[in-house]
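Read the structure below first, then the notes.
Every number here is computed from the coordinates shown, using simple stated rules; none is lab data. Computed from a predicted structure; not experimentally measured. Cβ: placed from backbone, ideal geometry, glycine included. Neighbour counts: every protein chain shown.
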Amino acid sequence: MAEASKVIHIRNVGQEIAEADLLQLMQPFGAVSKIVMLRAKNQALLQMQDIHSSVSALQYYSTVQPSVRGRNVYIQFSSHQELTTDQSSHGRNSDQNSEPNRILLATIHHMMYPITVEVLHQVFKAYGFVEKIVTFQKSAGFQALIQYQSRQEAVEAFGALHGRNIYDGCCQLDIQYSNLSELQVHFNNDRSRDFTNPSLPTEQRPRPSQQGFPDPSGLYAFQQPGGTILHIIMGRAAMIAAAFGGSLPPGVSGTNERCTLIVSNLNTEQTNEDKLFNLFSLYGNIVRIKVLRNKPDHALVEMADGFQSELAVHYLKGAMLFGNKLEVNYSKYPTITPSADAHEYTNSSLNRFNSNVVKNYRHCCAPTKMIHISALSQDISEDAILTHVSEHGSVVGTKLFEVNGKRQALVLFETEEEATEALVSKHASSLEGNTIRISFSQMQSI
């Protein structure tokens, strides 16, 4: 296999396959920053926002045959580490030879949330005075025309926003210059707006709003300190939904507010607070954990918020750990009172959700037979890894590989329980001088 790269090479891309189809294929694994459609060769190059996203995509499609419009496509790492601006105009090299214009045409790909004039105005006004916006639905998807006061403002917006996501993980902006000279706006409403003429009427005839999208209530905007790119940030429930491909896992409501869990039927001989931390931190940040002294097979686990505790209940209820079937439920206590016998984890550097939150949610799953080990030393061997984890069960296979210059490994156990024991016992342990990190892998085989 070629060296891991942010750039993915796709073969057998027929003429019937559009750029939007390939975006839909890859965006569940992360944002696509650039695309080149090589029509003459029936191929395409896609650059993911980071190498972890491209690795996740290839790992998934190594077990599932990707198909687009009934045609099997074949995916591998590209020999390119980066697509240059010359290589990529987001797939429309032949279409974007038009001169820069003050009017931009924006197509929204992977649209999980409704886009209104207000949302577009918040995004585009950071680069100049937006005079008019018109939105409409076409065969290519949801589109908008944005008219600036000057051509230079439009050029700056194009350079800054093309290929960016409006919401974290979805609603990607695909921008080109329009050949129109002036937009005609007849109504000021959520589908069109003339910001130079606020006296225009609103349309009286009721029209349906965008259908089939989650409620975007709770969205708010902020301008990143020191930057000029405007990001629209979703509420946590919407962010989790985006991470799981647009909808929450079955059985997860996204509305739970209870942060503290009661975990029972623990193996009292082999379980402690740190091992529980290693397991529950897969689903969110841990505040504190307390093993109940009067019921040593019970523990309280306080998580950072209700969404994270709901994910932990969903994925860990009934999981096997050290021979016992875990019971995971919501506690009647809203928090764990700080005390000498309550272990604090609020400021722990081992909490996994301090950064890359959407990416971490994307990798949430029930315990599997496969663990993924990262933060390994550069000269680590498979034998050293095997020696470190094999005490916890029968290892079926191992694979050592490198991603972006960093050594990582996959270890496949015979059962989920063995993999879980290895994870809770060896996550954050020292191996050849490095503090390793372990999580479950959703891959089915090595």
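Test of understanding: what is the full-extension gain from Tyr333 to Glu432, defined as 0.36 nm times their sequence separation minus their Cα-Cα distance? Don't skip to the end; give the middle numbers.
Details: separation 99, 0.36 × 99 = 35.64 nm, distance 4.14 nm.
Full-extension gain reported as 31.5 nm.
Tabulate in residue order the Karplus-calculated ³J(HN,Hα) for region 156-163, using 6.51 cos²θ - 1.76 cosθ + 1.60 with θ = phi - 60°, rounded to whole Hz; enter x for Gly and Pro.
Each residue of region 156-163 in turn: 5, 5, 4, x, 8, 9, 4, x Hz.
List the residues whose amide H sits under 5 Å from the amide H of Gln43, counting only those 5 or more places along or on another chain, with H placed 1.01 Å from N in the peptide plane.
Val13, Leu38
Mind listing the phi-derived Karplus ³J(HN,Hα) values for region 116-124, rounded to whole Hz, using 6.51, -1.76 and 1.60 with θ = phi - 60°, and x for any glycine or proline?
Values, residue by residue: 10, 4, 5, 4, 5, 5, 4, 6, 8 Hz.
Sort 361-369, 306-314 for me by packing, meaning the mean count of neighbouring Cβ atoms within 10 Å per residue, highest on top.
Values: 361-369: 19.7, 306-314: 23.2.
Listed from highest to lowest mean packing, they are 306-314, 361-369.
So how far, in whole Å, is the C-alpha centre of region 408-446 from the one of region 303-326?
18
Given 4 °C and 1.567 mPa s, how large is the Stokes-Einstein diffusion coefficient of region 317-423 in µm²/s, with Rh as the Kirkwood radius over Cα pairs?
Details: Rh = 16.5 Å.
Value of D from the Cα-based Kirkwood radius: 79 µm²/s.
Tell me which GluC sites (Glu not before Pro) from region 1-39 have a DSSP coil assignment and no more than 13 other beta carbons within 10 Å of their own.
On the way: sites: Glu3, Glu16, Glu19; in loops: Glu3, Glu16.
Sites meeting the loop and neighbour criteria: Glu3, Glu16.
Alpha carbon centre of region 259-301 versus region 1-64: separation in Å?
41
From the phi angles alone, apply the Karplus equation (6.51, -1.76, 1.60; θ = phi - 60°) to region 363-374 and give each ³J(HN,Hα) in whole Hz, x where the residue is Gly or Pro.
9, 5, 7, 5, x, 10, 7, 10, 10, 10, 10, 10
Amide H of Leu431 versus every other amide H placed in the peptide plane: which residues, excluding those fewer than 5 positions away on the same chain, fall under 5 Å?
Under 5 Å from the amide H of Leu431 lie the amide H atoms of Ile436, each far enough along the sequence or on another chain.
Out of residues 5 or more away from Cys171 or on other chains, whose amide H comes under 5 Å of its own, with H placed 1.01 Å from N in the peptide plane?
Sorted by chain and number, the residues that satisfy this are Met111, Met112.
Taking 0.36 nm per residue of sequence separation and subtracting the Cα-Cα distance, how much length would be gained by fully extending the chain between Glu16 and Glu257, in nm to one decimal? All intermediate terms of the calculation are to be shown ahead of the outcome.
Values: separation 241, 0.36 × 241 = 86.76 nm, distance 4.65 nm.
Using 0.36 nm per residue and subtracting the Cα-Cα distance, I get 82.1 nm.
For region 1-87, what are the per-bin percents of Cα-Cα distances with bins 5 Å wide, up to the bin holding the maximum?
Percent of pairs per bin, in order: 3, 15, 30, 28, 18, 5, 0.
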